[in-house]
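The values are calculated or read from the model by the stated rules, or taken from the named source; none is laboratory data. Everything quoted here is computed from the prediction, not taken from an experiment. Neighbour counts are summed over all protein chains in view; Cβ atoms, including those assigned to glycine, are modelled from backbone coordinates with ideal geometry. Accessible surface is based on the protein model in full, side chains and every heavy atom, while ligands, DNA and RNA are left aside. Shrake-Rupley method; radii C 1.70, N 1.55, O 1.52, S 1.80 Å.
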Amino acid sequence: MPIELRKWFQIFIGVLSLLLSILCLLAIRSALPESATLALAALCALFIGAISGFYNLFRVFLPLIMLRLWPGIEKNHG
């Protein structure tokens, strides 16, 4: 079974993309002033899109990196 179809891998990249999106949200939010309510609302909308964007990036590129580091990972049945 390809690594990108395994349940543990999908959960891993889902959690990883959520954590990276939260990190980006906190970094940008700390730079905004408190009076910028529309900017904060737009930032929350971008946060929701960032989760799926990071998920798609990790789904494509992370298997390539993992297969390069651990070539036998797809041969395992786990």
### Query
Somewhere in the stretch 39-50, is a residue in a loop (DSSP other than H, G, I, E, B) and either loosely packed, with under 15 Cβ neighbours inside 10 Å or free of Cβ contacts under 8 Å to residues at least 12 places away in the same chain (or both)?
no
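Every residue, every condition in (1) out of contact with any Phe, Trp or Tyr (no Cβ under 9 Å at 6 or more places or on another chain); (2) under 30 Å from residue 6 (Cβ atoms); (3) of a type in the set (A, V, I, L, M, F, W, C); (4) at pLDDT below 90, yes or no:
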position: 18; (1), (2), (3), (4): no, yes, yes, no
position: 33; (1), (2), (3), (4): yes, no, no, yes
position: 37; (1), (2), (3), (4): yes, no, no, yes
position: 52; (1), (2), (3), (4): yes, yes, no, no
position: 57; (1), (2), (3), (4): yes, yes, yes, no
position: 60; (1), (2), (3), (4): yes, yes, yes, no
position: 70; (1), (2), (3), (4): yes, yes, yes, yes
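From 35, 30, which residue is open to solvent by 70 Å² or more (accessible area, probe 1.4 Å) and assigned to a loop (DSSP other than H, G, I, E, B)?
35 is the lone residue from the list that is open to solvent by 70 Å² or more (accessible area, probe 1.4 Å) and assigned to a loop (DSSP other than H, G, I, E, B).
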